[in-house]
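> Before I ask anything, let me first share the structure, which is written out below as structure tokens.
The values are calculated or read from the model by the stated rules, or taken from the named source; none is laboratory data. Computed from a predicted model, the values in this text were never measured in an experiment. Here Cβ is always computed from backbone atoms with ideal geometry, including for glycine, and neighbour counts include all displayed protein chains. Note: accessible area is taken over every heavy atom of the protein model, side chains too, but ligands, DNA and RNA are not part of it. Shrake-Rupley method; radii C 1.70, N 1.55, O 1.52, S 1.80 Å.
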Amino acid sequence: MSKYEVRNIAVVGQTGTGKTSLIERLLFESHSSNHLGHVEDGDTITDFDDQSIHYQHSVEATPISLNWDGHHINLIDTPGQVELLGRTLSVFPAVEATALVLDASTSINQVSEQLFAFAKAQKKCQMIVINKIDAHPERLLPFLEEIEQRFGAQCLPINLPSQKPAEVVDCYFAANIEQKTLFSSVDESHELLVDQVVEVDESLMELYLEQGSELSAEQLHDAFEEALRTGHVIPVCFVSSDTGAGCELLLKTLAEIMPMPDEGNPPLLEKHGKQVAINCDQRDHTVAHVYKISVDPYLGKIAYVRVFQGEITTGSQLYVGESSKAFKVGHLYNLQGKKRHEIASCKAGDLCVLVKVDELAFDSLIHDSHDEDGITFKTLQFPESMYSLALTPKKRGDEQKLSDVLTKILAEDPSLKLEHRAATNETVLSGQGEFHLTIALEKMATVYKLKVDTHQPSVEYFETITREAQAQYRHKKQSGGAGQFGEVHLSVRPLERGTGFSFVNKVVGGSIPTSLIPAVEKGVRQALEEGAISGNPIKDIEVTVLEGKHHSVDSKEIAFVIAGKKAFLEAVRAAGPIVLEPIVDLALEIPMSTVGDVTGDLSGNRGLIVGSEQGGFTTTRLQAKSPINELQDYSRRLKALTGGEGRFSMTLSHYEPAPSAVQNEVCSQAD
């Protein structure tokens with residue numbers, strides 16, 4: 001197979017638009033499958049995993065391939081849930097184009113807008129597929145107008161619904177102006193599309209003006225590819241995955257209009273910050289990229305690979321990144337859902353799967369020559385985490401197993417984040433929402449047989465003081481032999497917020513030997529970590545050692561550690577100690593219709609709105625500040641307030657004194 005026969009397309013869109021059903025229909029219509037599966041029956045080719053079958057929504061990005069009229073088409077079915085958006089975005093480097101699937105009976109939501117914007121930012125050629133056209137035919141014209149309003153006037157139909165049920169009319173390849181359409185006309189749509197295409201090619205435009213609308217699809221091909229690359233044209237295709245209407249024309253569009261590997265915009269490969277050119281030639285050095293990892297309990301690590309240049313064959317010696325040690329390709333596969341087909345080679349432009357190569361990870365760059373050392377893919381920006389849980393294994397002794405299983409879970413989903421919070425000694429898993437973490441925890445329990453207890457992560461409070469104070473403490477211990485003696489006088493004063501800790505030695509005359517001053521500081525630092533009133537660390541404080549007393553025999557390091565610690569705690573308790581709570585900056589994007597509810601909820605929970613601006617076509621961006629303690633369940637609250645269409649991210653802003661009720665609660669928990 002040459003590079004010219006391959007098409008790579010991610011099928012994307014909000015949940016419920018019928019992406020999986022459409023791919024199932026395309027497989028059936030192209031005779032790549034002799035069974036037409038249905039999502040509700042759990043027998044589709046792409047939704048084969050237990051979780052997708054259970055939830056009746058795709059939770060994994062799954063590649064399949066089909067052949068149509070001499071063309072090899074790779075399609076990647078992707079999740080449409082807002083909380084699984086990261087899993088969808090991660091496959092974009094593997095494709096030249098995206099097909100955004102919409103449902104005319106369902107409003108376009110923020111997920112579709114985000115996917116459209118992300119594809120544009122990643123310089124992907126785009127098309128839009130309007131599915132389920134037989135459900136509400138009366139909605140199709142206003143829906144097309146809405147698409148043009150939201151995504152631009154360059155969204156032009158390549159076919160139109162027919163006045164006959166379950167049929168569409170070709171407006172491009174073999175346009176017949178005599179055929180009756182449900183709205184508009186073949187002639188008008190054909191002319192609009194051709195006019196838009198020829199605008200990118202002056203010589204073709206001159207020819208077009210000379211011979212009118214008689215330009216053939218073959219004559220328009222190169223200009224159409226340029227129009228796709230620049231976003232000057234976004235073809236819109238009407239189909240029905242239920243009846244198959246328009247699916248043959250969609251296959252023709254995918255095969256003949258969507259770009260070949262060397263016709264799309266070049267992949268965003270970089271070396272030392274500069275873009276790297278790829279030839280898409282199977283005779284050149286091999287360059288490939290891992291766009292997805294899955295871990296099978298029996299097969300081990302499975303790496304989904306896009307070959308950009310050269311060829312991978314059984315027995316190939318390949319390097320990962322800048323590694324000096326090559327690995328040998330043992331087996332090479334093409335995946336069709338859960339079925340694996342062993343192949344001898346994978347050429348430039350195509351997709352394949354490697355198994356049992358532990359060195360591979362998501363985003364790994366694979367190559368066969370050290371000339372390609374240092375090449376990386378431009379880093380994808382995943383959505384910020386919106387929901388976190390602290391995890392502990394239910395069974396004692398499973399701590400190492402928890403670490404091992406989380407490593408596998410994170411390998412499969414780069415939009416999950418894991419951190420160990422030393423201050424609270426918690427293992428915290430973060431994702432896009434409650435459902436995102438639920439499916440991760442379910443997989444841990446069912447596939448890896450590890451059950452965990454979960455709770456909301458502890459809020460990291462601090463303590464500080466509000467005024468200056470002094471204290472002294474004498475540590476004296478006599479037990480028959482050598483004793484312990486140390487006395488420390490010190491003062492404390494508050495520092496500006498965010499300054500941290502300062503230790504000053506003002507001892508003169510040797511009342512505390514210089515060699516024992518570090519012991520005093522050690523005791524103070526111990527107390528800093530343990531806190532004075534709430535068990536939380538103390539910050540933004542200056543400690544000055546003024547004087548003390550020592551004994552020539554009994555003054556040991558331990559005595560001044562204890563004396564320094566006790567004197568410091570007494571001084572802090574006399575200096576008006578308070579609890580500081582973390583305040584975060586919130587960035588939200590929500591439907592315009594929910595602004596009142598969202599702002600009211602934030603204001604009612606000690607939040608402060610600091611700004612707003614228009615976001616997308618129907619969204620508003622808000623900036624706010626809020627105590628993080630009031631956001632422990634915010635993912636759920638925002639989901640309820642916005643019908644699941646709100647998004648937020650938060651970053652730590654600063655710490656400020658907590659209200660008395662919060663201070664009392666935090667301090668009581670330490671008792």
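> Sort through L215, L209, L204 and tell me the only one that's under 25 Å from L250 (Cα atoms) and not charged (D, E, K, R).
L215
> Just to verify a result, which residue in the range 37-50, among those that are free of Cβ contacts under 8 Å to residues at least 40 places away in the same chain and outside any loop (DSSP other than H, G, I, E, B), is farthest from the chain's Cα centre (by Cα)?
D41
> Same structure, new question: Looking at the structure I just gave you, is I538 open to solvent by less than 20 Å² (accessible area, probe 1.4 Å), within 30 Å of T619 (Cβ to Cβ) and either among the small types (G, A, S) or in contact with a helix residue (DSSP H, G or I) (Cβ under 8 Å, 6 or more places away or on another chain) (or both)?
no
> So, one more: With among the acidic types (D, E), over 24 Å from Q81 (Cα atoms) and assigned to a strand (DSSP E or B) as the only criterion, which of E630, E581 stands out?
Only one candidate passes the filter, namely E581.
> Let me ask another. Within the range 290-348, take every residue that is under 17 Å from E372 (Cβ atoms) and among the small types (G, A, S) and give me the one that is most open to solvent (accessible area, probe 1.4 Å).
S324
> For the range 584-628, enumerate the residues that are among the β-branched types (V, I, T), farther than 30 Å from E146 by Cβ and open to solvent by less than 10 Å² (accessible area, probe 1.4 Å).
Matches in the range 584-628: V584 only.
> Something else now. Test each condition in (1) under 19 Å from V239 (Cβ atoms); (2) at pLDDT 90 or above for K164 and report the one that comes out false.
(2)
> Counting just the residues of the range 167-213 that are aliphatic (A, V, I, L, M) and under 25 Å from D242 (Cα atoms), which one comes out modelled with the lowest pLDDT?
Per the criteria, the residue is A175.
> Just wondering, is there one or more residues in the range 320-332 that are assigned to a strand (DSSP E or B) and within 20 Å of F377 (Cβ to Cβ)?
Checking the range 320-332: at least one residue is assigned to a strand (DSSP E or B) and within 20 Å of F377 (Cβ to Cβ).
> Take the range 265-280 and flag every residue that is surrounded by fewer than 22 Cβ atoms within 10 Å (Cβ to Cβ) and in a loop (DSSP other than H, G, I, E, B).
N265, P266, L268, H272, G273, V276, A277, I278, N279
> Taking the range 1-36, which residues are crowded, with 22+ Cβ neighbours inside 10 Å, more than 26 Å from the chain's Cα centre (by Cα) and not aliphatic (A, V, I, L, M)?
Listed by number, the residues that qualify are E24, R25.
> Kindly indicate which of L250, L204, L254 is more than 14 Å from M127 (Cα to Cα) and not in a loop (DSSP other than H, G, I, E, B).
L204
> Looking for something closer than 28 Å to L335 by Cβ, among the aromatic types (F, W, Y), in a helix (DSSP H, G or I) and over 15 Å from the mean Cα position of the chain (by Cα) - is there at least one such residue anywhere in the range 113-121?
Looking through the range 113-121, at least one residue is closer than 28 Å to L335 by Cβ, among the aromatic types (F, W, Y), in a helix (DSSP H, G or I) and over 15 Å from the mean Cα position of the chain (by Cα).
> Just to check your reading of the model, which residue among T379, T314 is of a type in the set (V, I, T), out of contact with any helix residue (DSSP H, G or I) (no Cβ under 9 Å at 6 or more places or on another chain) and more than 24 Å from D413 (Cα to Cα)?
Selected residue: T314, the only one of T379, T314 that is of a type in the set (V, I, T), out of contact with any helix residue (DSSP H, G or I) (no Cβ under 9 Å at 6 or more places or on another chain) and more than 24 Å from D413 (Cα to Cα).
> Scan the range 375-421 residue by residue and report those that are assigned to a loop (DSSP other than H, G, I, E, B) and surrounded by 14 or more Cβ atoms within 10 Å (Cβ to Cβ).
Those that are assigned to a loop (DSSP other than H, G, I, E, B) and surrounded by 14 or more Cβ atoms within 10 Å (Cβ to Cβ): L380, F382, P383, E384, S385, M386, D398, D413, P414, S415, L416.
> What are the pairs with Cβ atoms under 9 angstrom where one residue, in the range 15-30, is within 15 Å of S52 (Cβ to Cβ) and the other, located anywhere, is in a helix (DSSP H, G or I) and of a type in the set (G, A, S)? Sequence gap at least six, or different chains.
From the range 15-30, the pairs are T20/S52.
> Here's a follow-up. Could you please find all residues in the range 362-374 being in a loop (DSSP other than H, G, I, E, B) and of a type outside the set (F, W, Y)?
D363, S364, D368, S369, D373, G374
> So which of Y172, Y208 ends up being more than 23 Å from I9 (Cβ to Cβ), crowded, with 20+ Cβ neighbours inside 10 Å and among the aromatic types (F, W, Y)?
Y208
> Sticking with this one: Give the residue, chosen from V95, V111, that is in contact (Cβ under 8 Å) with a residue 24 or more places away in the chain and farther than 20 Å from F362 by Cβ.
Being in contact (Cβ under 8 Å) with a residue 24 or more places away in the chain and farther than 20 Å from F362 by Cβ holds for just one of V95, V111, which is V111.
> Take the residues in the range 462-506 that are β-branched (V, I, T), closer than 21 Å to G523 by Cα and open to solvent by 30 Å² or more (accessible area, probe 1.4 Å); name whichever of them is modelled with the highest pLDDT.
Among those that are β-branched (V, I, T), closer than 21 Å to G523 by Cα and open to solvent by 30 Å² or more (accessible area, probe 1.4 Å), it is V504.
> Next up: For the range 510-535, how many residues are touching a residue at least 60 places away in the same chain (Cβ under 8 Å) and open to solvent by 30 Å² or more (accessible area, probe 1.4 Å)?
2
> Could you list, in sequence order, all residues of the range 532-574 that are of a type in the set (S, T, Y) and in contact with a Cys (Cβ under 6 Å, 6 or more places away or on another chain)?
Once the filter is applied, which keeps residues that are of a type in the set (S, T, Y) and in contact with a Cys (Cβ under 6 Å, 6 or more places away or on another chain), the range 532-574 yields only S534.
> What are the residues in the range 333-361 that are part of a loop (DSSP other than H, G, I, E, B), modelled with pLDDT of 90 or more and aliphatic (A, V, I, L, M), if any?
Selection gives I343, A344, A348, L360, A361.
> Determine which member of the set V295, V290, V236, V307 is assigned to a strand (DSSP E or B), closer than 24 Å to L102 by Cβ and in contact (Cβ under 8 Å) with a residue 12 or more places away in the chain.
Testing whether each residue is assigned to a strand (DSSP E or B), closer than 24 Å to L102 by Cβ and in contact (Cβ under 8 Å) with a residue 12 or more places away in the chain leaves just V236.
> Now for a separate question. Within the range 228-244, how many residues are touching a strand residue (DSSP E or B) at 6+ places or on another chain (Cβ under 9 Å) and open to solvent by less than 20 Å² (accessible area, probe 1.4 Å)?
Number satisfying all stated conditions: 10.
> Out of all the residues in the range 444-461, which are surrounded by fewer than 19 Cβ atoms within 10 Å (Cβ to Cβ) and on the phi < 0 side of the Ramachandran plot?
Correct list: A445, T446, V447, Y448, K451, D453, T454, H455, Q456, S458, V459, E460.
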